[in-house]
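Heads up: the structure comes next, in structure tokens.
The values are calculated or read from the model by the stated rules, or taken from the named source; none is laboratory data. No experiment lies behind these values; they were computed from the predicted model shown. We place every Cβ from the backbone using ideal geometry, glycine too, and count neighbours over all the protein chains shown. Heads up: the accessible areas ignore ligands, DNA and RNA and are worked out on the full protein's heavy atoms, side chains in. Shrake-Rupley method; radii C 1.70, N 1.55, O 1.52, S 1.80 Å.
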Amino acid sequence: MTNYQLNNFAIDDFIINALKEDFYWGDITTEAICASIENPCFEVFLTTRQDGILCGCDVFKRVFELLANNKVTVEFYYNDGDSIKAKDKIAKIKGDAGFILSGERLALNFVQKMSGIATYSRLFQNKVDKYNVKVVDTRKNTPNFRLFEKYSAKVGTNHLHRFNLSDCVMLKDNHIALYGGSITKAVTKVRESLSHAHRIEVECDTIAQVQEALDNRVDIIMLDNMTFEEMKEACRIINKKAIVEASGCVNLDNIEEIAKTGVDIISTSAIVTKAPTLDLAFDYCS
């Protein structure tokens, strides 16, 4: 896939700040160990102890590029989105032992977390592929880590929700409450200043709200925490006149039943917030 989100200019500040957090006053252990070794050189393999989906190769590499100034090389044998199996050698890291040891944990933190999200997201998407339903993330991200989490979710599902608040209008229950619960008034107001390039999405808790959103010709109707029967009825009423998104309490056990109701999109924070890290490690070569 095209790595459009993770250009160096977009990620360098995040990585540099992480290096400062971990390395600002140096690595007293590694500096002491390497002090008496002339031209210390290591060759290390990044390996996996679990099956999963690899994600974060470029971020992993960039940690060492910024830290080691060309004194460490990283060669990946797989690409983001590839399936990896337990005990696979994923990459070879070679160069100055001091920089490898100092950068090991941070580089692993990125690739383990990102691969975990991609792996967990793929499980959700695989459950609904046959229904032609897209699984997307939400804005329930770790502050200042959204870029990496959303990229990882996209690697897993090949789909994303809005990246930030300026991507599209999303009228949620509290926005509508400001207009006395009137979807009509809220939609009318946002249309006064809305660009032609933006869509309008409305969150609906009831079938009555679905009908009101449809009457206002919104682009996307989100069915929030509805029962399966309510979702089926909402899809019948909408009848392809708007994109239908389902959200709320989505998990691996119920996502297929949600997909069967006829929705187009299923959004869930779980693919990011509940994803376990993938167990990756450095294996040193003797």
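A few points about this structure:
- Selection within region 58-115 - at positive phi and buried (at least 17 other Cβ atoms within 10 Å of the Cβ): 95
- Filter result for residue 279 (more than 30 Å from residue 93 (Cβ to Cβ), acidic (Asp, Glu) and either at pLDDT 95 or above or in contact with a Leu (Cβ under 9 Å, 6 or more places away or on another chain) (or both)): no
- Complete set of residues in region 213-230 that are surrounded by fewer than 21 Cβ atoms within 10 Å (Cβ to Cβ) and either acidic (Asp, Glu) or closer than 13 Å to residue 262 by Cβ (or both): 215, 219, 224, 228, 229, 230
Conditions (1) crowded, with 16+ Cβ neighbours inside 10 Å; (2) of a type in the set (Phe, Trp, Tyr); (3) within 19 Å of residue 134 (Cβ to Cβ); (4) under 29 Å from the mean Cα position of the chain (by Cα), marked per residue:
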| position | (1), (2), (3), (4) |
| --- | --- |
| 175 | yes, no, no, yes |
| 185 | no, no, no, no |
| 240 | no, no, yes, yes |
| 252 | no, no, yes, yes |
| 261 | yes, no, yes, yes |
| 270 | yes, no, yes, yes |
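- Check on residue 164, under 29 Å from residue 257 (Cβ atoms) and surrounded by fewer than 16 Cβ atoms within 10 Å (Cβ to Cβ): no
- Checked against the criteria, residue 236 counts as at pLDDT 95 or above, over 19 Å from residue 134 (Cβ atoms) and in contact with a Gly (Cβ under 9 Å, 6 or more places away or on another chain).
- Residues being in a strand (DSSP E or B), farther than 22 Å from residue 15 by Cβ, within 11 Å of the chain's Cα centre (by Cα) and modelled with pLDDT of 95 or more are represented in region 133-142 by at least one member.
- If you filter region 23-39 down to residues that are of a type outside the set (Phe, Trp, Tyr) and either surrounded by fewer than 10 Cβ atoms within 10 Å (Cβ to Cβ) or under 17 Å from residue 112 (Cα atoms) (or both), you find that the one that is modelled with the lowest pLDDT is 39.
- Residue 157 satisfies every condition listed in (1) modelled with pLDDT of 95 or more; (2) closer than 27 Å to residue 215 by Cα except (2).
- Unmet requirement for residue 107, which otherwise passes all of (1) in contact with a strand residue (DSSP E or B) (Cβ under 6 Å, 6 or more places away or on another chain); (2) at pLDDT 95 or above: (1)
- Members of region 126-143 found to be surrounded by fewer than 17 Cβ atoms within 10 Å (Cβ to Cβ), closer than 17 Å to residue 269 by Cβ and of a type outside the set (D, E, K, R), listed by number: 142, 143
- Within region 25-71, being in contact with a helix residue (DSSP H, G or I) (Cβ under 7 Å, 6 or more places away or on another chain), under 24 Å from residue 120 (Cβ atoms) and of a type in the set (Val, Ile, Thr) holds for 53, 59, 63.
- Selection count where residues are within 12 Å of residue 99 (Cα to Cα) and open to solvent by 80 Å² or more (accessible area, probe 1.4 Å), scope region 40-51: 1
- Wholly within region 1-111, strands (runs of 3 or more DSSP E) carrying at least 2 residues that are farther than 16 Å from residue 152 by Cβ and free of Cβ contacts under 8 Å to residues at least 24 places away in the same chain: 72-76
- On the stretch given as region 144-161, residues that are of a type in the set (Asp, Glu) and open to solvent by 50 Å² or more (accessible area, probe 1.4 Å) total 0.
- Region 272-286 - residue that is polar (S, T, N, Q) and in contact (Cβ under 8 Å) with a residue 60 or more places away in the chain and, of those, surrounded by the most Cβ atoms within 10 Å (Cβ to Cβ): 277
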